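Asker: Attaching a single structure in structure tokens format; questions to follow.
The values are calculated or read from the model by the stated rules, or taken from the named source; none is laboratory data. Everything quoted here is computed from the prediction, not taken from an experiment. For neighbour counting, all protein chains shown are included, and Cβ atoms are generated from backbone atoms with ideal geometry for every residue, glycine included. Side chains are part of the model used for accessible areas, which takes the heavy atoms of the whole protein and leaves out ligands, DNA and RNA. Shrake-Rupley method; radii C 1.70, N 1.55, O 1.52, S 1.80 Å.
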There are 2 protein chains.
Amino acid sequence: MGNNFSKLDLEAMSLAIDLSKKGQTKVSPNPMVGAVIVKNFKIIASGYHREFGSDHAEVDAIKNADESLVGASIYVSLEPCNHYGKTPPCTKAILDSGITRVICAVLDPNPKAQGGLDYLRAEGIECQSGLLSKEAIEVNKVFFINQIKKRPKISVKLAQTLNGKIARKDGTSKWITGDKSRFEVHKMRSLHKAILVGNTTLIEDNPELNVRHLKGDDPIIIVIDKTAKLDRNLKIFKSKKVFYYSCIKRLDFLKNIEQITIAKNSNYTVIWKLVLQDLYSKGIDSLFVEGGKEVSSFLLKENLIDEFYLFFGMKYFASNGKDGLFLEKDKEFNLLETKALGDSLMLRGDFGCLQELLKSLEK
Amino acid sequence: MGNNFSKLDLEAMSLAIDLSKKGQTKVSPNPMVGAVIVKNFKIIASGYHREFGSDHAEVDAIKNADESLVGASIYVSLEPCNHYGKTPPCTKAILDSGITRVICAVLDPNPKAQGGLDYLRAEGIECQSGLLSKEAIEVNKVFFINQIKKRPKISVKLAQTLNGKIARKDGTSKWITGDKSRFEVHKMRSLHKAILVGNTTLIEDNPELNVRHLKGDDPIIIVIDKTAKLDRNLKIFKSKKVFYYSCIKRLDFLKNIEQITIAKNSNYTVIWKLVLQDLYSKGIDSLFVEGGKEVSSFLLKENLIDEFYLFFGMKYFASNGKDGLFLEKDKEFNLLETKALGDSLMLRGDFGCLQELLKSLEK
């Protein structure tokens, strides 16, 4: 932190972060990592973590170098690991290579893997961290949230009109946004392990919650049905990948579906905590919430929205329509991305998650 | 309409429209016009209306040509005029030049000047219109609205949070948007002849309504104060360019300010009609409304918003805050432009004005 980095430092780390993205969908549950080696003011080698079980980025880059690395610097998008996992520790490979300077974007939040920089420093290597840390965390947000918060990353989507309405007075909402937004939502579904939805939305809209407009895996559907109100004819029950959470009883008609019972009289906060713990223990690393107003407002209040996708339809509903998020207090929104989707506009941002992650990784 | 235009047609007309913009602020109350001449599939000359009283675009382009124009095509962003005004009719210059094809983006709405295409057609010239008409109208929107609606163009600005709030429950609203948005608002003020504001906003905010953050003329300030509630100490009364409209009485403390009295008991619709007529007769061609919720909602209901600037601050106010526009019915918004302004986002669009203008100019 507080280091003065040069233009070449920035360039090398940017490249390392870009390279890391090549591992997307292949390295999970490992983080995506890229590495770039610089010697005599020139980039001489690069590498990345290609798939789960393969060489880490640092080792890949070192192997890709054609010349001696004595006196070289390595840029890594995440702190080099310091433990024997599927592969030997990267710290060892770095020491063996002759590299004398290590710059990482961000420290490793995984207690098992961290400490690499301290170890290297003790061995006399010049070490720095904090270069493009925000960008590096953005790439591996699921990993960082999993490691730091011990729960799935939670993304929430909401579609509203320009005056903040999610439905008309009579409850209708078709179509706030257009085809391109629907396509984007299906893409998001395919990029999350699971979709979570409350029973109100299921009863009112009877959605399919699958990936239809593009190639992609259908996510697991997580249903929270506190009072076991759901009907057997709902479309989602045709999917085989459903986890059903309820406080009351098991639904007999759900044959092949995992039903998890939560203690009766649990309040919403407790239910969520239990559901998130259970999902995380089942390997659900990311959750896409299309839950409508109540679930989304609750998550916002509990500071559980890690990423928020706000779709604006280019229209106004009459003022007697239904409002979106309910908030007791003002909230700041950190805009991360704006995307034009035909007639609609998508804002991606958060309510402080990225800053919080950054802070917890500062040393 | 319904013509098949070639790539060269499009290119030439695009250039003509771009050139027209060079006349901005110099040709008023004339429209901005650009012209491009094509011969043997090549652009050989171009021109535009440089300032009020100078050659029209067609004549400027013809004078700029170095070769015979026999058999050439001319692309004009507005129908060539057919009357003797400050200059002889452009139709005559076109006929004299030997040009055999005239393509214009859009017909002239001015009854005095129109008919150019009909006249040329009767003289055996091949004529077409409707090429990039939307773009051409966008450039001269003030002119088209003045000519067709016989009133100033009305732009309305509103700043709101992501959940559509314009103030907190206690009435405070600082700061929904940031510095860059304020700068943009001052730029907009400088591009309009007048700002209009209602007495509620004046009493609550006591704004200066001048152009501060950049070079530009302060617009005239139009105050509607139906019940003559305003206090002499308001900042706007320090400006010498104020038109004051009231239904009740003259304010004695307003010495150098023009006061217009509207018939007592007039309803809001009547008042607005009279104010707009009076402003138009005084040469006010464009009005920037920073009137707050009531004025803006009224204008929307009466279909009097020609252009709407919606500023989104990247925050939520608590749900008990004050809503923006009041609407009895749903309204479609046509997005024309999105602009990132630091932490804020500006959407420029309309509620059908551009389509309405286009339709009224179709033949």
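Asker: Tell me the angle of helix A:7-20 to the major Cα principal axis of chain A, expressed in degrees between 0 and 90 and rounded to the nearest ten.
Answerer: Compared with the principal axis, the helix lies near 50 degrees.
Asker: Based only on Cα atoms, what mean projected area does the convex hull of segment A:214-313 have, in nm²?
Answerer: 7.9 nm²
Asker: OK, next. First obtain the Kirkwood hydrodynamic radius of segment A:150-362 from its Cα pairs, then insert it into the Stokes-Einstein equation at 10 °C and 1.306 mPa s, and state the resulting D in µm² per second as a whole number.
Answerer: For the chosen part, D equals 88 µm²/s.
Asker: Let me see the P(r) profile for segment B:295-338: every Cα-Cα distance counted, bins of 10 Å, each bin given as a percent of all pairs.
Answerer: Spelled out per bin, shortest first, that is 20, 48, 31, 1.
Asker: For segment A:16-123, take the alpha-carbon Rg, divide it by the Kirkwood Rh, and send me Rg/Rh.
Answerer: Result for segment A:16-123 is an Rg/Rh of 0.93.
Asker: Skipping prolines and chain starts, which residues have an amide H placed within reach, meaning under 5 Å, of the one on residue B:110, given they are 5 or more residues away or on another chain?
Answerer: The list, which skips near neighbours in sequence, is empty: none.
Asker: Please give me, ordered by residue number, the trypsin sites (Lys or Arg not before Pro) of segment B:188-218 that lie in loop per DSSP and have at most 14 other Cβ atoms within 10 Å.
Answerer: When the trypsin sites (Lys or Arg not before Pro) of segment B:188-218 are filtered for loop state and at most 14 Cβ neighbours within 10 Å, B:212, B:215 remain.
Asker: Turning to a different aspect of this structure: If I fit a long axis through the Cα atoms of helix A:292-301 and take the longest principal axis of the Cα atoms of chain A, what angle between them do I get, 0 to 90°, rounded to 10?
Answerer: It works out to around 50 degrees.
Asker: Excluding residue A:97 itself, calculate the net charge of residues whose Cβ lies under 14 Å from the Cβ of residue A:97, where each Lys or Arg counts +1 and each Asp or Glu counts -1.
Answerer: -3
Asker: Among the chymotrypsin sites (Phe, Trp or Tyr not before Pro) in segment A:39-98, which ones are in a DSSP loop with at most 15 other Cβ atoms within 10 Å of the Cβ? Mind listing them?
Answerer: A:41, A:52, A:84
Asker: Still on this structure, I have one more. Provide an ascending nm list, one decimal, of label-point separations from residue B:51 to the equivalent residue in each further copy; define each label point as 7 Å from Cα along Cα→Cβ.
Answerer: 7.2
Asker: If you rotate chain B onto chain A, whose Cβ in B ends up lying nearest the axis, and how many Å away is it?
Answerer: B:164, 2
Asker: Sorted from shortest, what are the nm distances separating the label point of residue A:261 from equivalent points in the other copies, each placed 7 Å from Cα along Cα to C-beta?
Answerer: Reported distances to equivalent positions: 8.3 nm.
Asker: Rounded to the nearest 500 deg cm²/dmol, what is the calculated helix-only ellipticity per residue at 222 nm for the protein assembly as shown, with -39500 (n - 2.57) per DSSP H run of length n ≥ 4?
Answerer: Calculated at 222 nm, the ellipticity per residue is -8500 deg cm²/dmol.
Asker: Right, something else. Accessible surface of residue A:272 in the full protein assembly, 1.4 angstrom probe, to the nearest 10 Å²?
Answerer: Approximately 0 Å² for this residue.
Asker: In segment A:127-172, what trypsin sites (Lys or Arg not before Pro) fall in a loop by DSSP, with at most 14 other Cβ atoms inside 10 Å?
Answerer: Within segment A:127-172, the qualifying trypsin sites (Lys or Arg not before Pro) (loop, at most 14 other Cβ atoms within 10 Å) are A:150, A:169.
Asker: Next up: Where does the Debye-calculated log10 I(q)/I(0) of chain A sit at q = 0.08, 0.11 Å⁻¹, using only Cα point scatterers of equal weight, no solvent?
Answerer: -0.47, -0.82
Asker: Write down, largest first, the equivalent ellipsoid semi-axes of segment B:109-198 in whole Å, where each equals the square root of 5 times an eigenvalue of the alpha-carbon gyration tensor.
Answerer: 43, 14, 11
Asker: So who's got an amide H within less than 5 Å of the one on residue B:323, skipping anything under 5 residues away but keeping other chains? H placed 1.01 Å off N, in plane.
Answerer: B:166
Asker: With a 1.4 Å probe and all protein chains left in place, how much of the accessible area of the protein assembly as shown comes from carbon and sulfur atoms, in whole percent?
Answerer: Carbon plus sulfur share of accessible area: 48 percent.
Asker: How many Å² of accessible surface get buried when B and A come together, counting both sides, probe radius 1.4 Å, rounded to the nearest 100?
Answerer: 2400 Å²
Asker: Now for a separate question. Which log10 I(q)/I(0) values, to two decimals, does the protein assembly as shown give at q = 0.05, 0.09, 0.10 Å⁻¹ under the Debye formula with one point per Cα?
Answerer: So the normalised log intensities are -0.37, -0.99, -1.09.
Asker: Kindly give the distances from residue B:250 to its copy-mates, label point to label point, with each label point 7 Å from Cα along Cα→Cβ, as nm values to one decimal ordered shortest first.
Answerer: Those separations, rounded to one decimal, come out as 8.9 nm.
Asker: Looking at this model, which pairs from B:86/B:359; B:26/B:180; B:26/B:86; B:157/B:238; A:153/A:282; A:165/B:331 are more than 21 angstrom apart at the alpha-carbon?
Answerer: B:86/B:359; B:26/B:180; B:157/B:238
Asker: For helix B:179-190, report the angle its Cα long axis makes with the longest principal axis of the Cα atoms of chain B; keep it between 0 and 90° and round to the nearest 10°.
Answerer: It is inclined by approximately 60 degrees.
Asker: OK, next. Please list, in order along segment B:139-151, the HN-Hα scalar couplings obtained from phi with the Karplus expression 6.51 cos²θ - 1.76 cosθ + 1.60 (θ = phi - 60°), rounded to whole Hz, x for Gly and Pro.
Answerer: 4, 10, 4, 4, 4, 5, 5, 4, 5, 8, 9, 6, 7
Asker: Compute the separation of the alpha-carbon centres of segment A:261-296 and segment B:260-287 and state it in Å as a whole number.
Answerer: 59 Å
Asker: Kindly provide the pair-distance distribution of segment B:110-265 built from C-alpha pairs, with 5 Å bins from 0 and whole-percent values in order of increasing distance.
Answerer: 2, 7, 12, 15, 15, 13, 12, 8, 5, 5, 4, 2, 1, 0
Asker: Another question, then. Note down the accessible area of residue B:11, probe 1.4 Å, to the nearest 10 Å².
Answerer: Roughly 110 Å² of residue B:11 is accessible to a 1.4 Å probe.
Asker: Sequence-distant or interchain residues sharing an amide H contact under 5 Å with residue B:260, placed H: which?
Answerer: When sequence neighbours closer than 5 places are left aside, the close amide H contacts are B:244, B:245, B:246.
Asker: Hey, can you find the accessible area per residue of the protein assembly as shown for me, probe 1.4 Å, expressed in square angstrom?
Answerer: 46 Å²
Asker: Under a no-solvent Debye model with one identical scatterer per Cα of segment B:73-130, what's log10 I(q)/I(0) at q = 0.16, 0.20, 0.24, 0.29 Å⁻¹?
Answerer: Results for segment B:73-130 at q = 0.16, 0.20, 0.24, 0.29 Å⁻¹ read -0.40, -0.63, -0.92, -1.33.
Asker: Another one. Select from segment B:315-363 all residues whose loss of accessible area on going from the chain by itself to the full protein assembly reaches 50 Å² or more (probe 1.4 Å).
Answerer: At a threshold of 50 Å² (probe 1.4 Å), the residues of segment B:315-363 that become less exposed are B:316, B:318, B:319, B:327, B:330, B:333, B:345.
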